[in-house]
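This report refers to the structure that appears directly beneath it.
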Amino acid sequence: MSRALQVLILFVVTSTILYTPLLHPSPEASFPNETPESKPLLRVLPAFRKEECDWAIRWDVCLRCVSSRYRYAQRIHFYPSGLYREHGCYSEEKGFFLIKED
């Protein structure tokens, strides 16, 4: 296995494991004393099968949504100093919702 591939795998696994609500609790905690520039943008992606999650930003969240028969979605908050993305699921009945981390 090439060195570049090993580094890429390590990065993907580490970023997936380290993503927890404690590290990224909320947009307000990540951008204290800032006001959003606009309303959050909701992106609902058309993933209905596990094979379609390979292009999702958070494929682990996408897989959990799809396995629960929901669609993968992102809510993007716009702050002056950057973006904050929440990754969760979407259904027509519930709208956007965050899934609980195991």
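The values are calculated or read from the model by the stated rules, or taken from the named source; none is laboratory data. Quick caveat: nothing in here was measured; it's all calculated off a predicted structure. Please note: Cβ atoms are built from the backbone with ideal geometry, for glycine as well, and neighbour counts cover all protein chains shown.
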What are the pairs with Cβ atoms under 8 angstrom where one residue, in region 69-83, is over 23 Å from Ile99 (Cβ atoms) and the other, located anywhere, is modelled with pLDDT of 95 or more and aliphatic (A, V, I, L, M)? Sequence gap at least six, or different chains. none
Looking at the structure I just gave you, is Phe96 at pLDDT 85 or above, touching a Leu at 6+ places or on another chain (Cβ under 8 Å) and not basic (Lys, Arg)? yes
